[in-house]
1. Give, as a single signed number, the net charge of other residues whose beta carbon lies under 13 Å from the beta carbon of E44, with Lys and Arg counted +1 and Asp and Glu -1.
2. Is there a quick way to get the dipole size of the chain? I mean about its Cα centre, with the Cβ of Lys and Arg at +1 and of Asp and Glu at -1; what is the value in debye to the nearest 20?
3. Which of I193, I92, I137 moves most in a GNM of the chain, Cα contacts under 10 Å?
4. Can you tell me, using C-alpha contacts under 8 Å and at least 6 residues apart, the relative contact order of segment 5-58 as a whole percent?
5. Within segment 58-84, what residues put their amide N at less than 19 Å from the label point 7 Å along the Cα-to-Cβ vector of R190?
6. Number of Lys-Lys pairs in segment 20-161 under 25 Å by Cα, sequence gap 8 or more or different chains?
7. Could you tell me the center-to-center distance, by alpha carbons, between segment 127-183 and segment 44-113 in angstrom?
8. By count of other Cβ within 10 Å, fewest leading, how are F161, F176 ordered?
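Just so it is clear, none of the values below were taken in a lab; they were calculated from the coordinates. Just so it is clear, the model here is predicted, and its values are computed rather than measured. Reconstructed Cβ throughout: ideal geometry from the backbone, glycine too, with neighbour counts over all protein chains shown.
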Amino acid sequence: MARRKKLYEGKAKILYEGPEPGTIVQYFKDDATAFNAEKRDVIEGKGVLNNRLSEFFMTGLNTIGVPTHFMKRLNMREQLVRQVDIVPLEIIVRNYAAGTLAKRLGLEEGTALPRPIVEFCLKNDDLGDPLVAEEHIIAFNWASQQDLDDMVALALRVNDFLSGVMYGVGIRVADFKIEVGRVYDGDYQRLIIADEISPDSCRLWDIETGQKLDKDVFRRDLGSLTDAYTEVARRLGVLPNAAPHYTKPTLIN
Ligand code: TYD
């Protein structure tokens, strides 16, 4: 078999040239990093779970008309995706205070926010992905005003989808990060969801117990990361041979 050309290796994924022009093969590694890669480990099976979970979320988004780069899963660790020009921003949506927002504003972790808050960070590891304002984004031409409006709209649609799907299996989506990329149809360009959507880039809390089912398990040494991700996959019915989880109906008097 011809060796594929490696295009890029990141912290959790490798990108290879795809079989057709305009396609890429996204390979999910088992590497886990946190705190801008100061903490790192290899968590056996993480890549397999994230490949499946990202497939699940991206397929759902495509189905309800939120465009993503996802085309199909190829095997345990790889998926075929559309090639995009990545916008150099991390788009964060928050429903509950946690992480850097809780620290920055002195909010107790878990505080419900008055409405979903969309933030942008510049994708730059050397600078630690700093928070940037829309003013910076426009001034430095990382994205246009139209792109910004589209990014916020896409992010909020992803939030409604993710929050709804996860609510159905008893999980609260406290926050998450997405990335978007540009695709060109002739002269016309539009933004689609790219990268991955997995527990690596979300904060997921069990609605009843508050148990963390995301990368905070690794960041804060709270136990087995694969157990947490497996639980998410099991509840969503994503793992083969696993019964999906149904939330108990609430009786109203
Ligand atoms: P945030 O609280 O800003 O940072 P941290 O995770 O370092 O405490 O993160 C908000 C959410 O976005 C959280 O679910 C993690 C995710 N995220 C990433 O996956 N990658 C990133 O580079 C950033 C900045 C956030």
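1. Working: positive: K29, K46, R77; negative: D30, D31, D41, D227.
Net of charged neighbours comes to -1.
2. 680
3. I137
4. RCO, segment 5-58: 24 percent.
5. It comes to 58-72, 81-84, nothing else.
6. Count of close lysine pairs: 9.
7. 10
8. Details: F161 18, F176 26.
Exposure proxy ranking, most exposed first: F161, F176.
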